[in-house]
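**Student:** Once you've had a glance at the structure underneath, I'll fire off some questions.
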């Protein structure tokens, strides 16, 4: 039986450097060489999962097939590896502590005093190894969230040090570090790299590779200084500059033979190198000149004076995949629904299509409803995802069916027309304040009505998609809306839950209770998004 190899990816100085994209890119490169690869994200928070964290605080909550709410980096891993990951690929401090305390309470430590080392570090190592075993991976790439030197992630670094000590030939350390170019100097500086590597060294960890994240490509002089001061070979200092598309990063790293260098250090055969699908994709990205303009109308963009695209990263990436599949250059507009409430939706006339992604709560929803009404009445292609589907039914009930006070009970519990209401099993959970990990989560089957827009998109009558919701369409209003032109084109297999709605006599007006964006891949775009963009192109 072959030994599993482990690669730990850490970051220095600031978060948001691109460790996730670096991890995903290395995964794609090593997979292209014929190896079974999986990727693991470690979040240092005491949260058990990402489901109860505000999107503005942590970015998008990504959901796996088996229903765990995770960090958005798992979405990047899935998109680059083109595989479905599981709860084994997501580790938090909360999960680790919870299990250690459970074992202590169950007397599984045989009366020992339970300590951070070795008990917490052993639990971390167990989980990392379990991720490899569950996927039968030959190489497991583990990304540490946060930065070197934070007190809350020190035990994870210690676990990686122990694994390296126990089996040095099977473990590599990759450090992603920031190389700023101060505008007043105009020179790339290496001191941040040196400082974060010294912090690593102080924990007994020596990086095997240093990946320099910067605005521009790294020159030879900078590589020489990093090699000298950080105790690495010059050829193991890798430049990872900003590029127009994140999907170009595997090519950037591959051009520096990073995959071959990793495999050589791990004692593995270097294999072939087939990144031709990625090269073809990047060629399409760079040669697509005709634009398709899509407005994403959401409520989680703003945080103070800043705009956060990461809140809807899977939606944004799915739109890009679909635009490239239609040989179009995606031009996306972030539209704050609270501004639509105040200023009206007329500016949407300038775009080719409208998307309303998922969300919760009452803030900004009247602006979303205005945007939906505008798209419906203007024959503007519309795609509503989860909350975007629910609010589309609210808008239709109000303005097409004459139910002016129609609403979702999430926003208006006493509405006389609850076209969206809470799922019975979810109501019991909320009464007991059971919020974490209790929504309808993960993959569920859906049957599709033949002859509909979504059937033509999927070209099949049964699909499986991922969910994250507590509320559903109220079937008491089904026949009334059907009479007015709404088509319930997708339902659960027992026909009880409405999964997809669309409109007759509209070029493309579709709402899904599920989140198709989670399953879109750059090399395998989601068919529903492809059809949506195609409708926008035809209308344009």
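**Student:** Of the residues in the range 163-189, how many are assigned to a loop (DSSP other than H, G, I, E, B) and either touching a strand residue (DSSP E or B) at 6+ places or on another chain (Cβ under 8 Å) or in contact (Cβ under 8 Å) with a residue 40 or more places away in the chain (or both)? Quick ask: steps written out before the conclusion?
**Tutor:** First, pick out the residues of the range 163-189 that are assigned to a loop (DSSP other than H, G, I, E, B): 167, 179-189.
Among the residues that remain, those that are also either touching a strand residue (DSSP E or B) at 6+ places or on another chain (Cβ under 8 Å) or in contact (Cβ under 8 Å) with a residue 40 or more places away in the chain (or both) are: 167, 179-181, 188.
Total satisfying the criteria: 5.
**Student:** Which condition number in (1) closer than 14 Å to residue 516 by Cβ; (2) part of a strand (DSSP E or B) is the one that residue 457 fails?
**Tutor:** Every condition holds for residue 457 apart from (2).
**Student:** Right, here's the next one. Evaluate the range 155-162: report whether one residue or more is more than 29 Å from the chain's Cα centre (by Cα), assigned by TED's automatic domain parsing to the domain that holds residue 237 and without any contact (Cβ under 8 Å) to a residue 60 or more places away in the chain. Give the derivation first.
**Tutor:** The first filter runs over the range 155-162 and keeps only residues more than 29 Å from the chain's Cα centre (by Cα), leaving 162.
Narrowing further to those that are assigned by TED's automatic domain parsing to the domain that holds residue 237: 162.
Within this subset, residues satisfying the condition of being without any contact (Cβ under 8 Å) to a residue 60 or more places away in the chain are 162.
Checked against the condition, which is being more than 29 Å from the chain's Cα centre (by Cα), assigned by TED's automatic domain parsing to the domain that holds residue 237 and without any contact (Cβ under 8 Å) to a residue 60 or more places away in the chain, the range 155-162 yields at least one hit.
Per-residue answers, yes or no, for (1) closer than 30 Å to residue 49 by Cβ; (2) modelled with pLDDT under 90:
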residue	(1), (2)
429	yes, yes
434	yes, yes
443	yes, no
451	no, no
455	no, no
458	yes, no
464	yes, no
468	yes, no
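**Student:** Quick one: residue 479 ticks every box in (1) out of contact with any strand residue (DSSP E or B) (no Cβ under 7 Å at 6 or more places or on another chain); (2) closer than 21 Å to residue 361 by Cβ; (3) not in a loop (DSSP other than H, G, I, E, B) bar one, so which box is it?
**Tutor:** (2)
**Student:** Go through the residues of the range 117-133 one by one and say whether even a single one is touching a helix residue (DSSP H, G or I) at 6+ places or on another chain (Cβ under 9 Å) and not in a helix (DSSP H, G or I).
**Tutor:** Among the residues of the range 117-133, not one is touching a helix residue (DSSP H, G or I) at 6+ places or on another chain (Cβ under 9 Å) and not in a helix (DSSP H, G or I), which makes the answer no.
**Student:** Consider the range 266-287. How many of its residues are surrounded by fewer than 16 Cβ atoms within 10 Å (Cβ to Cβ) and touching a strand residue (DSSP E or B) at 6+ places or on another chain (Cβ under 8 Å)?
**Tutor:** The number of residues fulfilling the criteria is 0.
**Student:** Only one of these conditions is not met by residue 86: (1) closer than 15 Å to residue 42 by Cα; (2) surrounded by 21 or more Cβ atoms within 10 Å (Cβ to Cβ). Which number is it?
**Tutor:** (2)
**Student:** Residue by residue through the range 317-347, note down the ones that are in a helix (DSSP H, G or I) and modelled with pLDDT under 95.
**Tutor:** Applying the first criterion (in a helix (DSSP H, G or I)) to the range 317-347 yields 317-325, 337-343, 346-347.
Answer for the range 317-347, where residues must be in a helix (DSSP H, G or I) and modelled with pLDDT under 95: 337, 338, 339, 340, 341, 342, 343, 346, 347.
One line per residue, one yes/no per condition, for (1) assigned to a helix (DSSP H, G or I); (2) in the same structural domain as residue 430 (by TED's automatic domain parsing); (3) surrounded by fewer than 21 Cβ atoms within 10 Å (Cβ to Cβ):
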site	(1), (2), (3)
10	no, no, no
16	no, no, yes
24	yes, no, no
29	yes, no, no
48	no, no, yes
51	no, no, yes
74	yes, no, no
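**Student:** Scan the range 226-247 residue by residue and report those that are surrounded by fewer than 17 Cβ atoms within 10 Å (Cβ to Cβ) and either out of contact with any strand residue (DSSP E or B) (no Cβ under 8 Å at 6 or more places or on another chain) or touching a residue at least 40 places away in the same chain (Cβ under 8 Å) (or both).
**Tutor:** 228, 229, 231, 233, 234, 235, 243, 244, 245
**Student:** What are the pairs with Cβ atoms under 8 angstrom where one residue, in the range 483-499, is assigned by TED's automatic domain parsing to the domain that holds residue 420 and the other, located anywhere, is loosely packed, with under 12 Cβ neighbours inside 10 Å and modelled with pLDDT under 95? Sequence gap at least six, or different chains.
**Tutor:** Qualifying pairs under 8 Å: 485/505.
**Student:** Would you confirm whether or not the range 490-510 contains a residue that is at pLDDT 95 or above and assigned to a helix (DSSP H, G or I)?
**Tutor:** No - not one qualifying residue is present in the range 490-510.
**Student:** Do we have any residue at all in the range 32-40 that's surrounded by 21 or more Cβ atoms within 10 Å (Cβ to Cβ), assigned by TED's automatic domain parsing to the domain that holds residue 151 and without any contact (Cβ under 8 Å) to a residue 60 or more places away in the chain?
**Tutor:** Among the residues of the range 32-40, not one is surrounded by 21 or more Cβ atoms within 10 Å (Cβ to Cβ), assigned by TED's automatic domain parsing to the domain that holds residue 151 and without any contact (Cβ under 8 Å) to a residue 60 or more places away in the chain, which makes the answer no.
**Student:** Which count do you get for residues in the range 53-72 that are closer than 23 Å to residue 443 by Cβ and assigned to a loop (DSSP other than H, G, I, E, B)?
**Tutor:** Number satisfying all stated conditions: 11.
**Student:** If I filter the range 60-69 for residues that are in the same structural domain as residue 19 (by TED's automatic domain parsing) and without any contact (Cβ under 8 Å) to a residue 60 or more places away in the chain, do I get at least one hit?
**Tutor:** Step one: filter the range 60-69 for residues in the same structural domain as residue 19 (by TED's automatic domain parsing), giving 60-69.
If we keep only those that are without any contact (Cβ under 8 Å) to a residue 60 or more places away in the chain too, we end up with none.
No, because not a single residue in the range 60-69 is in the same structural domain as residue 19 (by TED's automatic domain parsing) and without any contact (Cβ under 8 Å) to a residue 60 or more places away in the chain.
The values are calculated or read from the model by the stated rules, or taken from the named source; none is laboratory data. Remember, it's a predicted structure, so these values are computed and weren't measured experimentally. No Cβ is skipped: glycine too gets one built from the backbone with ideal geometry, and neighbour counts run over all protein chains shown.
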